[in-house]
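Trainee: Dumping the structure here so I can ask a few things about it.
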Amino acid sequence: MSNGAEFYFYEDRVETRGMDMRLLRRLFSYLAPHKGLIAVALGALVLGTACQLAGPYIIKLVIDRNIMPRVMEGLGRRIGLFFAAQAGAMGFLYLQMFTVSIIGQRVILKIRADMFGRLQRLPVSFFDRTPTGRVMTRLTSDVEALQELISSGLVSTVGSATVLVGIAAVLLWMDARLALVTFAVLPAIVLFVELLKKFIREANREMRRKLARLNAFLQEHLSGVAVVKAFVQEGKSVREFDARNDEYAAESIRLTNFYSVYFPGVELFASVAIALLLWQGGFRVIAGAVTFGTLVAFLEYAQKFFSPIKDISDKYNILQSALASSERIFQVLDTEVSPEYRQLPPGGKAPPGRAEEPGGESGTPPAQPAIEFRDVWFSYPKGDGTGGEMVLRGVSFALHEGETGAIVGATGAGKTTILNLLCRFYEISRGEIRLFGRDVREIPREELRRMVSLVLQDPFLFSGTIRENVEAGGDELDRAVEVAGVSRFSASWETGLATQVGERGGHLSVGQRQLVSFARALSRDPKILVLDEATSSVDPVTEHEVQGALGKILSGRTSLVVAHRLSTILSSDRIIVMHRGKVREIGTHKELLASRGIYHRLFSLQFAPR
Amino acid sequence: MIRDAIDGISAPDGREQVVRAVSWMVLFAVLHGGFRYFGRRGMLVTARRVEMRLRRDLLSHVIRLPLSFFGRTPTGDVMSRLTNDVSAVWLLLGPGALTLAGTAISYVLALLFMARINVMLTLVSLAVAPVIVFTSREYGKAFHRNHRKAQESLAAMNTTLQENITGIRLVKAYGLEEREEGRFRAACRDYYRHNVSVSKTSAAFHGAIGLLAGVGVAFVLLMGGWLVIRGRLTLGGFVAFNAYLAMLSFPTMALGWVINLVQRGGSAMGRINEFLGIPTESWEPVLSPPRKVPDAPFLEVRDLSFAYEGQDRGEALKGITFSLRKGEIVGLVGQTGSGKSTLFSLLLLLYPVPPGTIFLEGRDVSLLPLDEIRGAVSLVSQDPFLFSDTILANICFGKDVPDEQDARRAVSMARFLAEVEELPDGLHTVIGERGISLSGGQKQRATIARALCAGGELLLLDDALSAVDSETEQEIFREILSVRGGRTVLFSTHRMASLSRCDRVLVLEEGRIVEEGTHDELFSRRGAYYDLYSRQMITRELEAAL
Ligand SMILES: Nc1ncnc2c1ncn2[C@@H]1O[C@H](COP(=O)(O)OP(=O)(O)O)[C@@H](O)[C@H]1O
Ligand SMILES: Nc1ncnc2c1ncn2[C@@H]1O[C@H](COP(=O)(O)OP(=O)(O)O)[C@@H](O)[C@H]1O
Ligand SMILES: [Mg+2]
Ligand SMILES: [Mg+2]
């Protein structure tokens, strides 16, 4: 794939400096509802840690009271105590691990649902420009990275910090000088971690980006695999995949290299600290300043002291990777929703000219056309947020209730665009679109969706049965299936309407897919029916029958259809001829033929034998 | 080392011995760090390379699997094996193996040192080992079960998600947002449930292992204390023994994690192998491929029947027989679902074809290399699919290197050039996924240009102009006809005007060819063809009378 493609899509790169606190605060807001569980986890953690910390102290007692003076008495008791402490520690560990993982899972559940909900409400243009694979990556592996942080990170970091503080206190209490010796390496460790952090974060971010790219490529080439095969391009696809795969591997190897320095580095510091301790401590034991048991306990504690430090620095990395992911997650959550999902401010931004009209809520005056376009200008939004070429240039037309309008015109004239705007998939740049006298921008989304029923040019079916697909539209299954001609083919199948249609409806022929999506549109009871070349792949006989049946249920309804076949166009009340984004002719079939314009030419060509 | 230092404390030349031991310790720590660095790097980087290789091999295998595989396997499933499962294998080979190696080394070394200090004590500390092994095995099984369920629900969640994103316009048009949210949430909740049970077992295992390790330590304390008191063990030895034992506590606790990785990686590898085990479609050609028969028809189909697998809808094609001469332009018509598209995909061998049914210039295609046949046939499918790339790259998809000259010619033949040139970047304009930023007719013409650019001798147009207005359709047909020298065309359409131009028409009905002849012949025969198109004819006559 050429480089150009990279710039077309919304950029994935997120630049954040000093955002960490904000990100963390947002993450914490997801944790807030689980206060109870967190308290349990922390409680278990503190108690478990206390039990665990008791261990070395008991050993110290064993050495100082039993072994050094060589008395057996009390040994069994102390060991029993040791075992009890260990059992307590493990019981609390279980509790803590389990609650923490539940917290993590719940938070993730919530974040996923939030992201998905947000996704449903993003403008169509977002999906025009964001490859499916990329969106999927955010909802899957980015979210998993975050989960890792919560399950294995947040609480256990708090835990490690508790242990750290606890041990530090115990050490200081036992012997302040030796304690300070143990802490001597801490500044060095902090410096080391900070130094590497920047690189690790950056590498993490790049890796996630590359992964998203890889997934987008996979997703696309798997759904277009038939094309790859038809053109014998398996080799080329694999080569292009290789490039992305290599990029990803290179990035992950870079990260691995950083980690390879990181972990042994931290460990080395810990070993140095223990050596220091032994050196100093040894001298002081020899000098008689501390007891032998104290030194042994110190060594045990020091090892326990550095394991949370290793742990924290390890979690620090998970944190880095999770922050890289949460940037991307919050980016989705922060993408502005499409305007139709926003609450209309009461009496707010009414467009000019609406104020003098009587309240349209109770019974619209019959004079209002069902569909009206007034000088509509529109361009598809580009990736950088600006508009591109104007696709519609001053489109105006009106269609009255009960009428059938047909839009005709060359491909790319803007027919589908008109229908997209009618359904408010995009926001227009200028002008007004009115349904029954009301600006589409003022009709609440649910009402608009109930009012208009659309058959898309590209018939999309959900995997599942035919019945499920039709019922996604509305309740009138039987009638819809009959009228749309679905029963013509489904009736002869053993499975009938329970036939599985496959992914995107791939187990049906294209014409059959069109009929099913037609049925879906008819299964509801819309005031306005919008058909975008709904039967373009259907044979003339079926089409004719569908039209015959449709005529009966269409009475009283307004419909706007895009069609190339004259048989479809002929039955309409008003024909709108589009040419390069402009309405060039409007009228009935007869009128337009008589005026000998574009329509006349289109029409005479369709049947001209040579 | 610790033992030396500690023993040194009680020795006469204490200080010196302590210093010596400590310096050795630092040296060892540095060496250890160095080894860890190289070991880690070596293992992890190698694992990454293996991951990359595995993913590549898997893709290159999967992409060569027959189309029927993609018909029955959701894209989400294939994706999840190429991503999640391959990553699970990396986790096993990289961090998993590293931890395992670390664990094994720590165990061996620690046990050796411990044995050197006191064999008895070592045996005592190992008393709990069998229980640990047993617990681990049971845990592994439980994890495997739970994990598989979690994996399945993850795949289901991904499929729901992917379907939602690809059908987002429909979701919006029908106000299905809430329904979709419900579906997705249900899938997520399912996944959540399985994950919780995974973590429940995992937490229990951790606790149990910790407890067992505690038992071990308690034994050692008891026994060791007794030994020291009896003077059979030095104090330094006792302390060092405990230190070694403590060193083992981390690897033991990490056992659970390693088991998870191994189970996960193992079942991922199983799922990957499942795909790798499916034979790819490019069967080996026989040693001496058949030679062209001089006066054989260009394409001949003999008694071809076909049924889609896994469906009980009967045969989509039943005993199809026809032939095309070189340079002929033949129309294929029939009702929706009569098998036109099926026939086209069989001519391209996208589905397995029985031997002796399709002949290209007299050669049985089942004996020819797949790429030769697909190179000779260019299909424009009914469902236009474009990649999110530049128009140029899409048009030249069938070539190894894009050639702007060729692309321009093909685009112009497909009557798409004027519109492309109006775009700010012309041929270098990037179109969205599936060509989303093009209109339906533009997409179709782009796919036609792609097929023309590939330059196969047999051009198959499967209802490829349904979204194109009739004016443009006629122009494109004129173009294709004007260069008909050598190129054979089989096309399906529902518009009569184009049918009246071609040499011959085949009429399909429920998977059978029921009529064959020129437009005029068929029309006057008043059979199936007449039934299909009389309506269009009548409208035309009606209009002529106006
Ligand atoms: N999502 C989109 N993004 C950018 N441009 C688009 C998009 N959809 C359509 N276009 C462009 O807008 C013009 C009109 O397209 P459309 O309304 O689909 O035409 P048609 O009349 O064939 O239905 C075309 O030039 C097309 O390339
Ligand atoms: N991938 C598939 N799996 C199962 N059945 C299919 C598949 N594709 C098409 N069919 C069925 O085979 C029959 C012929 O389809 P097709 O060849 O696409 O018809 P058309 O003549 O409309 O192109 C139809 O009944 C259709 O439902
Ligand atoms: Mg269109
Ligand atoms: Mg078809």
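The values are calculated or read from the model by the stated rules, or taken from the named source; none is laboratory data. Values in this document were obtained by computation on a predicted structure and should not be read as measured data. Ideal geometry is used to build each Cβ from the backbone, glycine not excepted, and the neighbour counts take in all protein chains shown. For accessibility, only protein heavy atoms count, side chains too; no ligands or nucleic acids. Shrake-Rupley method; radii C 1.70, N 1.55, O 1.52, S 1.80 Å.
Trainee: Just the residues that are over 12 Å from A:F298 (Cβ atoms) and open to solvent by less than 20 Å² (accessible area, probe 1.4 Å), please, taken from segment A:267-282.
Mentor: Within segment A:267-282, A:A270, A:A275 qualify.
Trainee: Then there's this: Among the residues of segment B:428-445, write down those that are in a helix (DSSP H, G or I), of a type outside the set (D, E, K, R) and within 13 Å of ligand 1 (Cβ to nearest atom).
Mentor: B:G435, B:G440, B:G441, B:Q442, B:Q444, listed by residue number.
Trainee: Here's something else I'd like to know. Tell me which strands (runs of 3 or more DSSP E) are completely within segment B:294-347 and hold 2 or more residues being more than 16 Å from ligand 3 (Cβ to nearest atom), in contact with a Gly (Cβ under 6 Å, 6 or more places away or on another chain) and not assigned by TED's automatic domain parsing to the domain that holds B:H519, or say none if there are none.
Mentor: Details: elements: B:299-306, B:317-324, B:329-334.
Strands (runs of 3 or more DSSP E) meeting the threshold: none at all.
Trainee: Quick one: is B:V420 among the aliphatic types (A, V, I, L, M) and modelled with pLDDT under 85?
Mentor: No, not satisfied.
Trainee: Same structure, new question: How many residues does segment B:408-422 contain that are in contact (Cβ under 8 Å) with a residue 24 or more places away in the chain and within 12 Å of ligand 1 (Cβ to nearest atom)?
Mentor: Here the count works out to 2.
Trainee: Continuing with the same structure: Among B:D469, B:D503, which is the only one that is away from ligand 4 (no atom under 16 Å from the Cβ), surrounded by fewer than 19 Cβ atoms within 10 Å (Cβ to Cβ) and either more than 25 Å from A:I407 (Cα to Cα) or acidic (D, E) (or both)?
Mentor: Result of the check over B:D469, B:D503: B:D503.
Trainee: Okay, moving on. Mind listing just one residue for me: the one in segment A:401-443 that is within 14 Å of another protein chain (Cβ to nearest Cβ) and over 33 Å from the mean Cα position of the chain (by Cα) and, of those, nearest to A:K382 (Cα to Cα)?
Mentor: A:A413
Trainee: Identify the residue in segment A:537-583 that is part of a loop (DSSP other than H, G, I, E, B) and more than 14 Å from chain B (Cβ to nearest Cβ) and, among all such residues, is least open to solvent (accessible area, probe 1.4 Å). Can you show your working first?
Mentor: So the first thing to find is which residues in segment A:537-583 are part of a loop (DSSP other than H, G, I, E, B), and the list is A:537-539, A:555-557, A:563-565, A:571-573, A:580-581.
Subset that is more than 14 Å from chain B (Cβ to nearest Cβ): A:555-557, A:573.
Values: A:S555: 90, A:G556: 57, A:R557: 39, A:D573: 71 Å².
Only one residue fits best here, namely A:R557.
Trainee: So which residues in segment A:303-344 are over 15 Å from A:A145 (Cβ atoms), modelled with pLDDT of 85 or more and assigned to a helix (DSSP H, G or I)?
Mentor: Listed by number, the residues that qualify are A:L333, A:D334.
Trainee: Only helices (runs of 4 or more DSSP H) wholly contained in segment B:109-189 count here; list those with 3 or more residues that are under 24 Å from B:M79 (Cβ atoms) and not polar (S, T, N, Q).
Mentor: Result: B:129-166, B:168-173.
Trainee: Shifting gears a bit: Could you tell me which of the residues A:V238, A:V181, A:V228, A:V135 is among the aliphatic types (A, V, I, L, M), within 14 Å of chain B (Cβ to nearest Cβ) and crowded, with 22+ Cβ neighbours inside 10 Å?
Mentor: A:V135
Trainee: Residue pairs, Cβ under 8 Å, 6 or more apart or interchain, first in segment A:509-532 and within 11 Å of A:R479 (Cα to Cα), second away from ligand 4 (no atom under 12 Å from the Cβ) and in a strand (DSSP E or B). List them.
Mentor: Qualifying pairs under 8 Å: A:R520/A:V455; A:L522/A:S453; A:L522/A:L529; A:R524/A:S453.
Trainee: I would also like to ask the following. Can B:Y174 be described as in contact (Cβ under 8 Å) with a residue 24 or more places away in the chain and crowded, with 18+ Cβ neighbours inside 10 Å? So that I can check it myself, show each step before the final result.
Mentor: Working: in contact (Cβ under 8 Å) with a residue 24 or more places away in the chain: no; crowded, with 18+ Cβ neighbours inside 10 Å: yes.
No.
Trainee: While we're here: Contact list please: Cβ distance under 6 Å, first residue in segment B:103-118 and more than 26 Å from B:W226 (Cα to Cα) and among the polar types (S, T, N, Q), second residue surrounded by 15 or more Cβ atoms within 10 Å (Cβ to Cβ) and modelled with pLDDT under 85, pairs at least six apart or on different chains.
Mentor: B:T103/B:P251; B:S106/B:P251
Trainee: Pairs needed: first member in segment A:590-607, open to solvent by less than 30 Å² (accessible area, probe 1.4 Å); second member anywhere, among the basic types (K, R) and at pLDDT below 85; C-beta distance under 6 Å; at least 6 residues apart or different chains.
Mentor: Qualifying pairs under 6 Å: A:F607/B:R540.
Trainee: Right, another one. Given the structure, is A:V337 within 30 Å of B:E16 (Cα to Cα), touching a residue at least 12 places away in the same chain (Cβ under 8 Å) and either open to solvent by less than 20 Å² (accessible area, probe 1.4 Å) or aliphatic (A, V, I, L, M) (or both)?
Mentor: Details: within 30 Å of B:E16 (Cα to Cα): no; touching a residue at least 12 places away in the same chain (Cβ under 8 Å): yes; either open to solvent by less than 20 Å² (accessible area, probe 1.4 Å) or aliphatic (A, V, I, L, M) (or both): yes.
Spelling it out, it is not the case that A:V337 is within 30 Å of B:E16 (Cα to Cα), touching a residue at least 12 places away in the same chain (Cβ under 8 Å) and either open to solvent by less than 20 Å² (accessible area, probe 1.4 Å) or aliphatic (A, V, I, L, M) (or both).
Trainee: Next question, about the same structure. Residues in segment A:398-409: is at least one in the same structural domain as A:G587 (by TED's automatic domain parsing), open to solvent by less than 30 Å² (accessible area, probe 1.4 Å), away from ligand 4 (no atom under 16 Å from the Cβ) and out of contact with any strand residue (DSSP E or B) (no Cβ under 7 Å at 6 or more places or on another chain)?
Mentor: No, there is no match, as no residue in segment A:398-409 is in the same structural domain as A:G587 (by TED's automatic domain parsing), open to solvent by less than 30 Å² (accessible area, probe 1.4 Å), away from ligand 4 (no atom under 16 Å from the Cβ) and out of contact with any strand residue (DSSP E or B) (no Cβ under 7 Å at 6 or more places or on another chain).
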